[in-house]
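In what follows, a single structure is set out as structure tokens and then discussed.
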Amino acid sequence: MRAVLYVNQETGTTVGEVPDPSPGPDDVVVAVEACGLCGSDVHAVQNGNCAPGQVLGHEFSGRIVAVGSEVSGWSEGQPVAASPIGSCGQCRICARGIPFRCPAVENIGITIPGAYAQYVKVPARQLVALPAELPIETGSHAEPLSVGSQAVKLAQVGPGDPVLVYGVGPIGLYAIMALKLAGVGPVVAAGRSAGRRQAAADVGADVVIDTREIPVAEYAKQSGTLFAAVLECSAAPGAFNEALTVTEPGGTVVEVALTPEAASVPLFPLISEGHHVVGSCAFSDETYRESVAHLAAGRVPVERLVSERVSLPDTPDALRRLQTPGSLVRIISRPNA
């Protein structure tokens, strides 16, 4: 089969031939219909954080083409979305809803071959069925929607709570949709890209600000707004500390962006304001299933985020272009198109 393979930091990725995957007893093989190009993959390639020959891609959906000998309840031809997060599902860490930290974890597209390929092997326990009438591509939105939804759960907000989404890259945009699903509002989105700020408005942000024109702290001061929660999705230097300054007493800052910044947190205001600080990475199995249900019911306008669809041969170039995305929001690879 053809797959997108990491070469090195200078070259990035290329399309090559690799053996077709075979299912183990508890696995299926999925023909990949659609796989979103995630920012974490873009940065991994850009920074050289991949092994030579690695196949990335973890936001995917497709049809089952082979079923392992011990698998029941699944059949060839069935449309599915698949969580990339593998886990035992039984240990204390899994019970806390953090399967990606399970000691037995194998993550598709991270530690094992991913879905920038025609076919991918998936443990059957990670599958979620898609309705026959739903476009299969829609299932590829379940993974990023789950990331945003998990952050919203950790924020512990509800109707009438003002929330700031700091950063309007794809995860920030999915977080906005998850906030609207939860009935939260008003939702303020803050970012730099004009195209992505427009996307934030399109998917439900009540207010959108350009952080190049007005810093978040200045907006909060001028509007007299403090936020019940801030979802920090930007990884911008200083964003975490700035988020603390615009959070109301007892509010929550959820750090979602995978940032290398070592923030120096002033402890007195943290303590005196009773702020909560929590990190949010990936999602639970339950959140993934909920996201598929929201997509199947048409509750989230994910189609508004798709900037381009590309073939597998064009995927390496798309990964390069997303290093400086401009107005690009989400690109979807179609390996078998």
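Scanning region 56-68 for residues that are surrounded by fewer than 20 Cβ atoms within 10 Å (Cβ to Cβ) and in a strand (DSSP E or B) turns up Arg63, Val65, Ala66, Val67. How about region 276-301: which of its residues are surrounded by fewer than 23 Cβ atoms within 10 Å (Cβ to Cβ), closer than 17 Å to Ser61 by Cα and touching a strand residue (DSSP E or B) at 6+ places or on another chain (Cβ under 6 Å)? Once the filter is applied, which keeps residues that are surrounded by fewer than 23 Cβ atoms within 10 Å (Cβ to Cβ), closer than 17 Å to Ser61 by Cα and touching a strand residue (DSSP E or B) at 6+ places or on another chain (Cβ under 6 Å), region 276-301 yields only Arg289. Within region 196-244, the residues that satisfy the criterion of being within 17 Å of Pro162 (Cα to Cα), in a loop (DSSP other than H, G, I, E, B) and out of contact with any Gly (no Cβ under 8 Å at 6 or more places or on another chain) are Val203, Gly204, Ala205, Gly224, Thr225. Candidates Ala262, Ala220, Ala228, Ala236: the one that is within 21 Å of Val42 (Cβ to Cβ) and of a type in the set (Gly, Ala, Ser) is Ala236. Among the residues making up region 311-331, those that are free of Cβ contacts under 8 Å to residues at least 60 places away in the same chain, farther than 21 Å from Arg197 by Cα and not in a helix (DSSP H, G or I) are Ser311, Asp314. Mind checking which residues of region 170-195 are surrounded by 24 or more Cβ atoms within 10 Å (Cβ to Cβ), of a type outside the set (A, V, I, L, M) and outside any strand (DSSP E or B)? Selection gives Pro170, Gly172, Tyr174. The single condition among (1) part of a loop (DSSP other than H, G, I, E, B); (2) over 26 Å from the mean Cα position of the chain (by Cα); (3) under 20 Å from Leu312 (Cβ atoms) that Val71 does not satisfy is (3).
Scanning region 82-129 for residues that are assigned to a loop (DSSP other than H, G, I, E, B) and either closer than 19 Å to Leu312 by Cβ or acidic (Asp, Glu) (or both) yields Pro84, Glu106, Gly109, Pro113, Gly114, Ala115, Tyr116, Gln118.
Could you figure out which of (1) within 24 Å of His141 (Cα to Cα); (2) without any contact (Cβ under 8 Å) to a residue 24 or more places away in the chain; (3) not β-branched (Val, Ile, Thr) isn't true of Lys221? Of everything listed in (1) within 24 Å of His141 (Cα to Cα); (2) without any contact (Cβ under 8 Å) to a residue 24 or more places away in the chain; (3) not β-branched (Val, Ile, Thr), Lys221 misses just condition (1). Gln9 meets the conditions (1) touching a Gly at 6+ places or on another chain (Cβ under 6 Å); (2) of a type outside the set (D, E, K, R); (3) buried (at least 19 other Cβ atoms within 10 Å of the Cβ) in every case but one. The failed one is (3).
Of the set (1) over 24 Å from Ser234 (Cα atoms); (2) crowded, with 23+ Cβ neighbours inside 10 Å; (3) among the charged types (D, E, K, R), all apply to Glu133 but (2).
Just one of (1) touching a Phe, Trp or Tyr at 6+ places or on another chain (Cβ under 8 Å); (2) more than 24 Å from Thr245 (Cβ to Cβ); (3) among the aliphatic types (A, V, I, L, M) trips up Val292, so point out which. It is condition (1) that Val292 fails. Applying the condition of being out of contact with any Phe, Trp or Tyr (no Cβ under 9 Å at 6 or more places or on another chain) and in contact (Cβ under 8 Å) with a residue 12 or more places away in the chain to region 99-109 and asking which residue is surrounded by the fewest Cβ atoms within 10 Å (Cβ to Cβ) yields Pro103.
Rule-based calculations on the coordinates, nothing more; no lab input. Computed from a prediction, not measured in an experiment: that's the story for all the values here. Every residue, glycine among them, receives a Cβ derived from its backbone with ideal geometry; neighbour counts consider all protein chains shown.
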